[in-house]
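The values are calculated or read from the model by the stated rules, or taken from the named source; none is laboratory data. These numbers come from a predicted model, not from an experiment. Cβ sites come from the backbone with ideal geometry, for glycine too, and all protein chains shown count toward neighbours.
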Amino acid sequence: MYTPSKEQLKQLEILFELIDKCKEKRIDIWIVGGYGLDALYGSLTRDHGDIDLIVWEKDLLVLGDIVEEMGFVEYADKVEKNKKVYRPGTILALDDSFKIEFGSIEFYGQFFPKETSLELIISKNENGLIEGKAIKTLTLEGHKIAAEVQNQRAFQGNWGEYKHQKHFEKMIGVLNENN
């Protein structure tokens with residue numbers, strides 16, 4: 001059984017605060033990547049180095065403002081169209097390799113197969129649980145497609161193998177067994 005590190009527990013506080021602030025501002029966010037898979041599983045499975053999420057394109061700027069208000073600064077060395085990366089500011093007692101990354105559903109949707117409906121990928125309601133906190137994440141099918149998209153983007157960008165592929169495959173296998 002996995003026991004979260006102190007760093008992981010700090011990250012969870014940040015994640016939960018971010019979710020609550022987005023709810024207050026009526027911003028729909030979906031937690032993706034490692035935390036998203038953990039949420040579908042129902043508990044943490046390992047330490048994570050980042051928080052990955054997606055929002056509607058109309059909410060990108062407001063989400064950036066929220067993240068900055070929480071003490072993060074935009075990471076200028078990692079600028080990509082429709083993707084924002086934030087690192088902890090000096091006031092946060094977090095490992096400086098930790099980051100919050102987010103982009104729009106509309107941007108990532110271009111990588112999904114054309115016949116794939118949005119309802120198949122994202123949940124309208126909270127469909128995951130981390131440490132007792134209900135969150136929205138991708139559906140299981142959405143996570144499968146996201147892993148394929150990340151692999152495809154890694155290949156096209158000559159990044160090498162998508163570094164989380166083995167974890168995705170393991171977790172998707174476990175989730176398939178549980179469904």
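When the residues of the range 135-163 are narrowed to those that are in a loop (DSSP other than H, G, I, E, B) and closer than 20 Å to residue 40 by Cα, which ends up modelled with the lowest pLDDT?
Our first condition is that a residue be in a loop (DSSP other than H, G, I, E, B); within the range 135-163, this holds for 136, 139, 157-163.
The next check asks that each one be closer than 20 Å to residue 40 by Cα; those that pass are 136, 139.
Working: 136: 95, 139: 89.
Among them, the one singled out is 139.
Looking at 38, 47, which is the one that is exposed (fewer than 14 other Cβ atoms within 10 Å of the Cβ), touching a residue at least 12 places away in the same chain (Cβ under 8 Å) and within 15 Å of the chain's Cα centre (by Cα)?
On the way: 38 fails: exposed (fewer than 14 other Cβ atoms within 10 Å of the Cβ).
None of the others qualify; the one that does is 47.
Which members of the range 9-32 meet the condition of being surrounded by fewer than 16 Cβ atoms within 10 Å (Cβ to Cβ) and at negative phi? Explain how you work it out, then say what you get.
First, pick out the residues of the range 9-32 that are surrounded by fewer than 16 Cβ atoms within 10 Å (Cβ to Cβ): 9, 13, 16-17, 20, 23-26, 28.
Residues satisfying the conditions are 9, 13, 16, 17, 20, 23, 24, 25, 28.
Across the range 113-134, what is the total count of residues that are outside any strand (DSSP E or B) and in contact with an Asp or Glu (Cβ under 6 Å, 6 or more places away or on another chain)? Talk me through it step by step, then tell me what you get.
Narrowing the range 113-134 to residues outside any strand (DSSP E or B): 113-121, 123-127, 131-132.
Remaining after also requiring in contact with an Asp or Glu (Cβ under 6 Å, 6 or more places away or on another chain): 120.
So the answer is 1.
Restricting attention to the range 114-138, and to residues there that are of a type in the set (Gly, Ala, Ser) and closer than 20 Å to residue 102 by Cα, which single residue is surrounded by the fewest Cβ atoms within 10 Å (Cβ to Cβ)?
Here is the first cut: in the range 114-138, the residues of a type in the set (Gly, Ala, Ser) are 117, 123, 128, 132, 134.
Retained after the next criterion (residues that are closer than 20 Å to residue 102 by Cα): 123, 128, 134.
Details: 123: 16, 128: 22, 134: 12.
Ranking the qualifying residues of the range 114-138, first place goes to 134.
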